[in-house]
């Protein structure tokens, strides 16, 4: 019974850790005052991670990892 409890606790903690780490994967898109895309920052997506352009206060977060078009 004790082994089952330890296994159940480890499983719950593993799932919680996975969902927490997956929730921040995505891209910040930065726009200027006129709404023109001027930069982006992708994080948590391994080989797709990177930055370009400039960071502004006018930004949108798109969750998930996908190649930019």
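In the condition set (1) at pLDDT 95 or above; (2) closer than 18 Å to residue 64 by Cβ, residue 25 is compliant with all but (1).
Candidates in the range 36-59 are the residues that are without any contact (Cβ under 8 Å) to a residue 12 or more places away in the chain and part of a loop (DSSP other than H, G, I, E, B); of these, the one that is nearest to the chain's Cα centre (by Cα) is 49.
The values are calculated or read from the model by the stated rules, or taken from the named source; none is laboratory data. Because the structure is predicted, anything quoted here is derived from the model rather than measured. Reconstructed Cβ throughout: ideal geometry from the backbone, glycine too, with neighbour counts over all protein chains shown.
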